[in-house]
1. Identify all residues within region 27-45 that are closer than 17 Å to Leu291 by Cβ, open to solvent by 20 Å² or more (accessible area, probe 1.4 Å) and of a type outside the set (D, E, K, R); write none if there are none.
2. Give the residues of region 56-76 that are open to solvent by less than 30 Å² (accessible area, probe 1.4 Å), under 18 Å from the mean Cα position of the chain (by Cα) and within 18 Å of Ser92 (Cα to Cα), sorted by residue number.
3. Being open to solvent by 60 Å² or more (accessible area, probe 1.4 Å) and not in a strand (DSSP E or B) is the filter here, so list the residues in region 211-243 that pass it.
4. Give the number of residues within region 245-301 that are at pLDDT below 80 and surrounded by 13 or more Cβ atoms within 10 Å (Cβ to Cβ).
5. Take Leu207 and tell me if it is modelled with pLDDT under 90 and within 14 Å of the chain's Cα centre (by Cα).
6. Looking only at region 154-187, count how many residues are at pLDDT 90 or above and open to solvent by 50 Å² or more (accessible area, probe 1.4 Å).
7. Just to be sure, is Lys201 assigned to a helix (DSSP H, G or I), basic (Lys, Arg), open to solvent by 20 Å² or more (accessible area, probe 1.4 Å) and at pLDDT below 95?
8. Checking Asp100 against (1) in contact with a strand residue (DSSP E or B) (Cβ under 8 Å, 6 or more places away or on another chain); (2) of a type outside the set (Ser, Thr, Tyr); (3) at pLDDT 90 or above; (4) more than 21 Å from Leu38 (Cα to Cα): exactly one of these is not met. Which one?
Amino acid sequence: QPWGVMGGTLSALRNKWDPPVEVAQEVGGPIQVWRCDLRLEEHGVVQRCKSLLPPQEAEQVGNGQGVAWSCGVISRVLQRAAAEEFCGVAFSQAVIVREDPQFKQKKPVLVLDKAPVRGYLHFNVSHDHGVVFLVGHPRFSVGVDAMKMILPKAGDTLQGFFADMQGVMTRGEWTWIKAEDQGEQLQRFFTLWTMKEAFAKGVGEGLSCPLASLELTLEEGEWVIFRDGWRQRFWRLKTQQYANFAISFAVGAPAGMHPSYYSTVGADKIAPPGITDDDLCWRDIDLQALLLQAKQNKGSG
């Protein structure tokens, strides 16, 4: 049972031992949030988007089908489109490392061999039930996770689902989840789940980070995350809803991240300030428009 503000007093004591970190005065540019709802797109558009990928990457994704495969293709397309727009790296020339065993890195990283034309972009992606999200920021490392707020299996009961998930939340978190009526409990569960996942993806560990080692608590209206009882002072969290999806963001200092970050932006150890709604720059991605823009860019090149 991890100790945290909700579950015990050890974290409060550790806060006194762990000195505060320097906090940036401002986020330093909007947090880009791209949203692509494949449920609204025409049939065949994913295959046409796949044709934009470099041959080697197109071969890696293969000729699958289904929602998960389609979301995977569009995730890759959006990463390249973001690198082109925000860094000036040509769509087909972007080098994106998705896993580096040497550094135990399990998140996509844009690798640059020279200074970017416009700036760097830390980014992360998530998708569920046909909706793809990409979040990016020029200075801070980011993580994103989105989940549709429904029971995962037909015929599941809320009690049965919570019993299966008992180990991923701490005692204090379950108390917070069950403080509301049943209609709100599933929403609260996915609020915490997506924040934990966003943090795990933000630090580059993904599924290898045990969710039970993380604990969330509200302090003066802001979510704070603890890992094995230690407050994660370099990280800020934000959670929202889109339709019946819970979507959460983790934004933090790139210190301790993939070394390719350092060649471009340095091992910045300053923490971001709290994330406000005004810091999020939402954009709905129209794949037809993206294909048209790619065709125009190819023609002008």
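The values are calculated or read from the model by the stated rules, or taken from the named source; none is laboratory data. What you see is a predicted model; the values in this text were computed from it and never measured. Methodologically, a virtual Cβ is constructed for each residue, glycine included, from the backbone with ideal geometry; neighbour enumeration extends over all protein chains shown. Side chains are part of the model used for accessible areas, which takes the heavy atoms of the whole protein and leaves out ligands, DNA and RNA. Shrake-Rupley method; radii C 1.70, N 1.55, O 1.52, S 1.80 Å.
1. Within region 27-45, Leu38, Leu40, His43, Gly44 qualify.
2. If the condition is that a residue be open to solvent by less than 30 Å² (accessible area, probe 1.4 Å), under 18 Å from the mean Cα position of the chain (by Cα) and within 18 Å of Ser92 (Cα to Cα), then Gly72, Val73, Ile74, Ser75 are the ones that fit.
3. Once the filter is applied, which keeps residues that are open to solvent by 60 Å² or more (accessible area, probe 1.4 Å) and not in a strand (DSSP E or B), region 211-243 yields Glu220, Gly221, Asp228, Phe234, Ala243.
4. 15
5. yes
6. 15
7. Against the criterion (assigned to a helix (DSSP H, G or I), basic (Lys, Arg), open to solvent by 20 Å² or more (accessible area, probe 1.4 Å) and at pLDDT below 95), Lys201 qualifies.
8. The failed condition is (3).
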